[in-house]
Structures are given as structure tokens and as C-alpha cells.
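Every number here is computed from the coordinates shown, using simple stated rules; none is lab data. These figures come from a predicted structure and were not determined experimentally. Please note: Cβ atoms are built from the backbone with ideal geometry, for glycine as well, and neighbour counts cover all protein chains shown.
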Amino acid sequence: MGDVLAALRAAGADVAPDAPLAPLTTLRVGGPARVLVGVGDEAVLGRVLAVAAAAAWPWVVIGRGSNLLVPDAGWPGVAIRLDGALRAIAVAGEEVRAGGAAALPTVAIRAAEAGLGGFAWGVAVPGSVGGAVRMNAGAHGADMADAVVSARLVRPGATSAEVVPAAALGLRYRGSDVAPDAVVTGAVLRLAPADAGTVRAEMDDIRAWRRAHQPLHAATCGSVFTNPPGDSAGRLVEAAGLKGHRVGGAAVSATHANFVETTPGARADDVLRLVEEVRAEVARTTGVELATEVVILRPPSG
Ligand SMILES: Cc1cc2nc3c(=O)[nH]c(=O)nc-3n(C[C@H](O)[C@H](O)[C@H](O)COP(=O)(O)OP(=O)(O)OC[C@H]3O[C@@H](n4cnc5c(N)ncnc54)[C@H](O)[C@@H]3O)c2cc1C
């Protein structure tokens, strides 16, 4: 273990062994990572991935943890957080260049200030640019696919990023073809000129709508299930009578049935059991098999 930590430090990363991951997620549950590393540049990232591969330690990138369920057993390898220069946002004309660690709401605000429209929805999605590209995050009738021109991807051993055009990212409803061993270190968005005051008003409306319809006061991961074609997961969960249904410290939100709220002391297992109970009851009562939108971190087997 000491050798791997030394190699990660030599690669230029900030290294924290046995680091709790729950505080890095919006659900606030789950165990520690064997090692948490902070990485602020693409070359360091390439070296960190190579160290993990050479040690045969599994690695995962944690964005803003807003769509992530970490198991109680934690993560038995390297958990990577992008930071430093990878948080940068630069606006030039109609293009926004944002690092993989940039927060989507900050990107939305910077775009509005620059008189660019079409990204107001990002103010309500508490993820990072990297996580949002991988998930093709979206809301209020728009998604990342509408704006992304290209993304920067770093893979193990790379010394620089590969620039991948949007058409090759396979962005689709809450998913993409970004390879499991690729880290999104940045993206270029193309937006349309708009009146800054109008975009700010649009963001205010979106925030107000969220406050009225979603449990923003609680620890959640946003939508737990994707919407099945032509229907809404929240409607199905509510129709199955599951609002408020609880397992331990996890409950289906009384405000929005597609959200699970956790209370302090909740375990990841509570959330997992609740998700399975909801899925089974919705299938039993409606015949619809819901798929999870939340990413459930699973250590590789074997
Ligand atoms: C209150 C609330 C409201 C939400 N509303 C919405 C909504 O309206 N629409 C919506 O789409 N989502 C919504 N979400 C979910 C979430 O914000 C998005 O899915 C977001 O894109 C996740 O980004 P993240 O950085 O938090 O990723 P994480 O949750 O940290 O990770 C999610 C996945 O992306 C991977 N990942 C993270 N960063 C990178 C990277 N740099 N490179 C490669 N892979 C990476 C992780 O390994 C993991 O597989 C909401 C969440 C909350 C808590």
C-alpha cells in the first residue's frame, strides 16, 4: 500500500488514504476510499491512472457526487477528484470552455453573465461538467447534447487529453458512450447570444420551480430512476403508493416520488434496499421495470 501511495504522490497528486466518501456525495452515505487523490492537471491524471493500473487497484472518478451511491464497504482502490485548473471556465464569443471539475450552476451563471442563452437549466443541476457529459445531464427540455461541441478525455498513461467531437460521444437520454476508463477533463459548449437579464429571469424561474417541486432541503441524488418511454418514474412510484415509504434512514420523498431522501446515520444499504423495494412494487403494480439513473458504485469483482 505504501508503495502505491508513494507512486501516486510522485505522480503529482494530493493523496489521502482511507478517506470518507459520504461527504463528497449529495446522498451523504457510503464508506471510505482506500485512497482519495486530488488531481489538478491532465498530465498528472494520466500518471495517476497509470499508477492505479500498474498496481491493479480499481479507480473511479468522483465528480460532485450528485448522482452517486457509494456502498457501505466504500471503494477498494483509488477515488479521483478533479480540482485546481480543471475547475476553470472561460467564455470567448459563443463558446464556453469549462474544465471537468467546473460546477454546472457556475457555468450556467457565467454563460448568462456573458449574454449566452440555452444553458439556464444548468443552474439547477448540482453536478460537474465531467459528470454531466458522462450522464448527458439535462433538465427543463434541454440537455448537454444540445450544447457540447467536444470533450477532452484522458485515459490511463496518456500525457495529454484526446479531444472528442460531440458526435463521437454518443450522448443520449442520461447516458453516453464515454468509455468506462476515460475521464472527462473538460468540454467546449456552444451557446446562443441572448439578453443577460432574460436568461437571469429564466434561471430564477427554474430555481423557484425546483424549490416548489423538489426536496432541495434534503440529502438526495436527484432522480433515482430514469423515466420510462412516455411516462414519468415519479408518477409511477407515486401511483404505487410509495411516497414516504422508508427503509432505515432512507425514504421516498413526500415532495417528489422519484427522489430518495436520507437522514443522518443512514446507510447505503438502506438506500439500496429501498430502491429495490420500490422497483419491485412498481413492477408488481404497473408492469413497468424501472431502471436506475443514480450510479451505484460497484467494485469490480474478482
Ligand atoms: C437536487 C438534485 C437535482 C438534480 N437534478 C438533475 C436534473 O435535473 N437533471 C439531471 O440530469 N441530473 C440531475 N441531478 C443529478 C446529477 O446532478 C447529474 O447527473 C450530474 O451530471 C452528475 O454529475 P456529478 O459531477 O455530480 O457526477 P457524480 O455523481 O460524481 O458521478 C456520476 C457518474 O459520472 C462519473 N463521473 C463524474 N465525473 C466524471 C468525469 N470528470 N469524467 C468521467 N466520468 C465522471 C462518475 O464516475 C459516475 O459514474 C440532480 C441531483 C441532485 C442532487
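Determine if the stretch 202-212 includes at least one residue that is surrounded by 15 or more Cβ atoms within 10 Å (Cβ to Cβ) and over 23 Å from the mean Cα position of the chain (by Cα). Looking for residues that are surrounded by 15 or more Cβ atoms within 10 Å (Cβ to Cβ) and over 23 Å from the mean Cα position of the chain (by Cα), one finds at least one in the stretch 202-212, hence yes. Could you list, in sequence order, the residues of the stretch 165-201 that are buried (at least 21 other Cβ atoms within 10 Å of the Cβ) and either in a strand (DSSP E or B) or away from the ligand (no atom under 16 Å from the Cβ) (or both)? Within the stretch 165-201, 183, 184, 185, 186, 187, 189, 191, 199 qualify. Scanning the stretch 89-107 for residues that are touching a residue at least 12 places away in the same chain (Cβ under 8 Å), surrounded by fewer than 23 Cβ atoms within 10 Å (Cβ to Cβ) and away from the ligand (no atom under 14 Å from the Cβ) gives 89, 91, 94, 95, 97.
Yes or no, residue by residue, for (1) among the aromatic types (Phe, Trp, Tyr); (2) over 20 Å from the mean Cα position of the chain (by Cα); (3) surrounded by 20 or more Cβ atoms within 10 Å (Cβ to Cβ); (4) within 24 Å of residue 172 (Cβ to Cβ):
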position: 226; (1), (2), (3), (4): no, no, no, yes
position: 236; (1), (2), (3), (4): no, yes, yes, yes
position: 239; (1), (2), (3), (4): no, yes, no, no
position: 251; (1), (2), (3), (4): no, yes, yes, no
position: 265; (1), (2), (3), (4): no, yes, no, no
position: 284; (1), (2), (3), (4): no, yes, no, no
position: 289; (1), (2), (3), (4): no, yes, no, yes
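Residue 83 meets the conditions (1) farther than 24 Å from residue 9 by Cα; (2) within 13 Å of the ligand (Cβ to nearest atom); (3) surrounded by fewer than 18 Cβ atoms within 10 Å (Cβ to Cβ) in every case but one. The failed one is (1). Is the stretch 52-73 home to any residue that is assigned to a strand (DSSP E or B), in contact with a Pro (Cβ under 8 Å, 6 or more places away or on another chain) and surrounded by 17 or more Cβ atoms within 10 Å (Cβ to Cβ)? Scanning the stretch 52-73, I find no residue that is assigned to a strand (DSSP E or B), in contact with a Pro (Cβ under 8 Å, 6 or more places away or on another chain) and surrounded by 17 or more Cβ atoms within 10 Å (Cβ to Cβ), so the answer is no.
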